[in-house]
Amino acid sequence: MRKAVPVLLALLIIPVAYFLASSMGGDIGGTDEIPAVPDVVLKLDKTSYAPDETMVLTVVNNADSEATTGYEFQLYRLENGNWKEVNLDMAFIEIAIIIEPGKSWEQIIDLSKLNIDPGHYKIVKSIFVGNVTVKPETEFDIKR
């Protein structure tokens with residue numbers, strides 16, 4: 001009888017622990033829901049630029065809610081098959097830009113101020129949509 005009590009307790013504890021883990025969002029082997037990524041994209045006026053040209057970067061908000069961004073961006077250069085972040089050594093204006101659903105916003109970037117060499121690059125912006133931060137990107141080339 002004494003040996004049966006611990007076995008019965010174990011049989012009761014396992015289903016209770018399983019139920020608690022599943023009701024609290026614990027991973028019990030099911031598939032996790034992945035939130036949908038809002039449809040916000042970056043577009044450029046061209047795909048290739050000279051180092052002294054001006055780039056027009058357009059943020060297009062195709063999401064169902066407002067998108068909020070700013071002037072800051074990250075720049076990466078493709079080197080030996082890997083993206084390496086470019087140190088821009090510049091400050092950005094801290095202003096929130098709100099883009100309504102279905103609208104777009106243009107940012108003018110003077111490439112001569114970036115002091116970048118010829119190569120393949122991508123530009124990335126952080127954009128807050130609903131309760132999700134997305135980081136759309138677009139690629140371009142710098143040629144002499």
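The values are calculated or read from the model by the stated rules, or taken from the named source; none is laboratory data. As the structure is a prediction and not an experimental result, all values here were calculated from the model. Note that each Cβ is placed from the backbone with ideal geometry, even for glycine, and that neighbours are counted across all protein chains shown.
Worth a mention:
- The one condition in (1) under 19 Å from G119 (Cβ atoms); (2) in a loop (DSSP other than H, G, I, E, B); (3) of a type in the set (S, T, Y) that Y76 fails to fulfil: (2)
- When restricted to residues that are assigned to a loop (DSSP other than H, G, I, E, B) and modelled with pLDDT of 95 or more, segment 23-51 contains 5.
- Test: S65 is at pLDDT 60 or above and either more than 20 Å from the chain's Cα centre (by Cα) or surrounded by 11 or more Cβ atoms within 10 Å (Cβ to Cβ) (or both): yes
- Remark: pairs (first residue in segment 41-61, free of Cβ contacts under 8 Å to residues at least 40 places away in the same chain and over 16 Å from I116 (Cβ atoms); second residue hydroxyl-bearing (S, T, Y) and in a strand (DSSP E or B); Cβ separation under 8 Å; 6+ apart in sequence or on different chains) = D45/T58.
- Scope segment 65-93; condition among the acidic types (D, E) and either farther than 20 Å from V40 by Cβ or in contact (Cβ under 8 Å) with a residue 60 or more places away in the chain (or both); matching residues: E66, E79, E85, D89
- Conditions (1) surrounded by 11 or more Cβ atoms within 10 Å (Cβ to Cβ); (2) over 15 Å from V134 (Cα atoms); number of the one not met by G102: (1)
- Considering segment 109-139, the residues that are among the aliphatic types (A, V, I, L, M) and part of a strand (DSSP E or B) include one that is farthest from the chain's Cα centre (by Cα), namely I109.
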